[in-house]
1. Rounded to two decimals, what is Rg over Rh for the stretch 18-88 when you use alpha-carbon atoms and the Kirkwood radius?
2. Each label point is 7 Å from the Cα along the Cα-to-Cβ direction; what then is the distance between the points at R13 and D35, in nm?
3. Would you mind telling me the share, in percent, of accessible area of the chain contributed by carbon and sulfur at probe 1.4 angstrom?
4. List the residues whose amide H sits under 5 Å from the amide H of V58, counting only those 5 or more places along or on another chain, with H placed 1.01 Å from N in the peptide plane.
5. The stretch 29-108: which trypsin sites (Lys or Arg not before Pro) are DSSP loop and have at most 11 other beta-carbon atoms within 10 angstrom?
6. Taking each full run of DSSP H in the chain as one helix, which ones are at least 15 Å long along their axis (Cα atoms) and have mean Kyte-Doolittle hydropathy of at least 1.0?
7. Take the eigenvalues of the Cα gyration tensor for the chain, scale each by 5, and report the square roots as semi-axes in whole Å, largest first.
8. Given only helices, namely DSSP H runs of n ≥ 4 each adding -39500 (n - 2.57), what is the per-residue ellipticity at 222 nm of the chain, to the nearest 500 deg cm²/dmol?
Amino acid sequence: MKYTLEQRKELARRLRGEGRNCSQCVAMAFDDMTDVDAEVLARISSGFGSGIGGKGEVCGVMTGAAMVCGLVYDKLERPALYSKVRQPLDRFEELNGSYVCQELKRPGRKPCIDLITDGVEMLHRQFEADGF
């Protein structure tokens, strides 16, 4: 069964409440589209939280999205795949001013849960537009 946008967002919120990192929340919210078990997605994405291993680099929301794109668009040639990966990255940056974790965590910025649901929504809508 394919999740609705609201089901995906609720799943991501629940996962965050269970202590999952941003990357895990996004990757696991798309387990229905990847043919990969949610716990395998959790293990693969576990090191990408807080900007890849806690370094504050690329936000876990975006690393999770990139992993999901790689799995969903796996039949595309590399340039087309990279274009699909950049789409949510570019939209996320437009909406939030950055996709770098340490910049997103500055005082007065959105909480991580809002960034997670932003990312889930962007990716969901991209897949819908592409016929998935």
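1. Numbers: Rg = 11.8 Å, Rh = 12.1 Å.
Value, to two decimals: 0.98.
2. Computed distance between label sites R13 and D35 equals 3.2 nm.
3. Details: 3510 of 6890 Å².
Carbon plus sulfur share of accessible area: 51 percent.
4. Long-range HN contacts for V58: C101.
5. Working: sites: R43, K55, K75, K84, R86, R91, K105; in loops: K55, K75, K105.
Passing both the DSSP loop test and the Cβ count: K55, K75.
6. On the way: long enough: 5-17 (18 Å, -1.51); 60-72 (18 Å, 1.88); 78-96 (27 Å, -1.05); 112-129 (26 Å, 0.19).
Span-like helices here: 60-72.
7. Working: eigenvalues 84, 56, 40 Å².
The equivalent ellipsoid of the chain has semi-axes of 21, 17, 14 Å.
8. On the way: 8 runs with 86 residues, N = 132.
Calculated from helices alone, the mean residue ellipticity at 222 nm is -19500 deg cm²/dmol.
The values are calculated or read from the model by the stated rules, or taken from the named source; none is laboratory data. Bear in mind that the values here come from a model prediction, so they are computed numbers and not experimental data. Using ideal geometry, Cβ is built from the backbone for each residue, glycine included, and neighbour counts are taken over all protein chains shown. For accessibility, only protein heavy atoms count, side chains too; no ligands or nucleic acids. Shrake-Rupley method; radii C 1.70, N 1.55, O 1.52, S 1.80 Å.
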